[in-house]
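Undergrad: Just passing along the structure, written as structure tokens.
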Amino acid sequence: PIPPSFQPVIRTRGTGSPEPISEAAFVDRVLRRSAERGLAFRRGDIERFHLSVKTGEITVLCGPSGTGKSSLAMVYGEALRGEEPGEHESHIVIPVSPTWLDARDLLGHVSASERQFIPSESGLYEFLLTAEFEQVRLGEGAGIALAILDEMNLSQVEHYFGDLMLALERKGLDRA
């Protein structure tokens with residue numbers, strides 16, 4: 001069970017899980033969400049992004065400012081939520097600060113005086129913990145949890161993201 005201090009941030013499902021939709025129907029959903037927000041993406045770009053998200057643990061979008069990289073990731077995250085209006089978010093947007101120096105800025109740190117873990121203000125720790133609880137509870141039906149690091153190049157990625165990258169390379173208990 002989720003500890004009482006955590007509010008679900010990922011789509012939750014009741015006992016009657018909705019039927020999975022086809023890949024094409026999901027891409028159509030992303031296109032609809034994009035159009036509702038006044039955004040226009042090429043179907044092929046959405047399909048490639050979707051394939052990257054499904055097959056890899058990290059997807060990096062790069063390109064000139066203002067080309068829709070963040071918007072694509074956010075509208076994709078909204079589409080993950082499904083068609084039900086009141087469902088919880090299945091994604092989190094974390095604005096990276098140029099002042100970030102290490103993993104404490106992204107995830108948090110252990111307070112030596114209090115002898116406990118203090119999550120960072122980014123919200124990523126709580127998001128990942130909730131995703132883990134949902135994965136344990138629902139297994140394959142848990143869906144994708146999407147963490148969007150917006151403007152991640154503003155700070156040196158290897159400093160604040162390096163520890164997480166190492167963890168992502170591991171499997172099973174080594175990863176935990």
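Undergrad: Just to confirm my numbers, what's the Cα centroid distance between region 38-77 and region 83-156 in Å?
TA: Spelled out, the Cα-based centre of one part sits 19 Å from the other.
Undergrad: I need to check one value: relative contact order of region 57-131, counting alpha carbon pairs closer than 8 Å and at least 6 residues apart, in percent.
TA: Values: 55 pairs, mean separation 13.5, N = 75.
Relative contact order comes out at 18 percent.
Undergrad: Leaving out ligands and nucleic acids, and using a 1.4 Å probe, what accessible area per residue does region 32-121 come to in Å²?
TA: Details: 5640 Å² over 90 residues.
Heavy-atom SASA per residue in region 32-121 reads 63 Å².
Undergrad: How long, wide and thick is region 43-176, going by the Cα atoms along their three principal axes, in whole angstroms, largest first?
TA: That gives 51, 39, 30 Å along the principal axes, largest extent first.
Undergrad: So for the pair Leu51, Ala167, with labels modelled 7 Å out along Cα→Cβ, what separation do we get in nm?
TA: About 3.0 nm, to one decimal.
The values are calculated or read from the model by the stated rules, or taken from the named source; none is laboratory data. Fair warning: this is a prediction, and the values are worked out from it, not measured in the lab. Here the Cβ is made from the backbone with ideal geometry for all residues, glycine too, and neighbour counts use every protein chain on show. Note: accessible area is taken over every heavy atom of the protein model, side chains too, but ligands, DNA and RNA are not part of it. Shrake-Rupley method; radii C 1.70, N 1.55, O 1.52, S 1.80 Å.
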